[in-house]
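Written out below as structure tokens is the structure these notes cover.
The values are calculated or read from the model by the stated rules, or taken from the named source; none is laboratory data. Computed from a prediction, not measured in an experiment: that's the story for all the values here. Every residue, glycine as well, gets a Cβ built from its backbone with ideal geometry; the counts of neighbours run over all protein chains shown.
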Amino acid sequence: MPDSKLVRRNFLKSSGLTLAGLLGLPTVMAHAEGTKVAVPLAKLEMLKAAGGSVVIKVKSKLVLLIRNTPTSVKAFNPICTHMHCVVAYSAGENKINCPCHGSQFDLDGHVVHGPAPHPLEAYAATLEAERIVVTL
Ligand code: FES
């Protein structure tokens, strides 16, 4: 009878799942050149229309991607500067909200409502034909 831990580990390896995937974060195969990472839009259904957003893990960093208009995207480190919760984009408010203590950030990462003491770290991001290029 096979060792159940070994079977589970082999399943995770062969299925391509990672810790990010197990935590509900999309695992995306991205092409990296230096600090630039190209994320294929085909893998991110939630970014195909304006108002969509997703937190992904790229090069061991969490990245919040927001499709704020049909032709542009924003990218941030989604770790709140207050006590390190993961923030989320609200399309209805057009703001980034922290679920832990209510901080809000605008789409430049600036604090609109505390207690967060500092802005979110913003990454340069561009929307190209079939991909998003983020500079980490
Ligand atoms: S951790 Fe974000 S407001 Fe406290």
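Quick notes on this one:
- Pairs, first touching a residue at least 60 places away in the same chain (Cβ under 8 Å) in the range 99-125, second more than 10 Å from the ligand (Cβ to nearest atom) and not in a strand (DSSP E or B), C-beta under 6 Å, six or more apart: Tyr123/Leu136
- Restricting attention to the range 95-111, the residues that are surrounded by fewer than 18 Cβ atoms within 10 Å (Cβ to Cβ), in a loop (DSSP other than H, G, I, E, B) and within 10 Å of the ligand (Cβ to nearest atom) total 4.
- Yes/no for Asn68 being under 12 Å from the mean Cα position of the chain (by Cα) and either surrounded by 17 or more Cβ atoms within 10 Å (Cβ to Cβ) or in contact (Cβ under 8 Å) with a residue 40 or more places away in the chain (or both): no
- Any chance Gly114 is farther than 19 Å from Ala42 by Cα, exposed (fewer than 15 other Cβ atoms within 10 Å of the Cβ) and within 16 Å of the ligand (Cβ to nearest atom): yes
- When the criteria are applied in full, Tyr89 fails the requirement of being at pLDDT 95 or above, buried (at least 17 other Cβ atoms within 10 Å of the Cβ), aromatic (Phe, Trp, Tyr) and away from the ligand (no atom under 16 Å from the Cβ).
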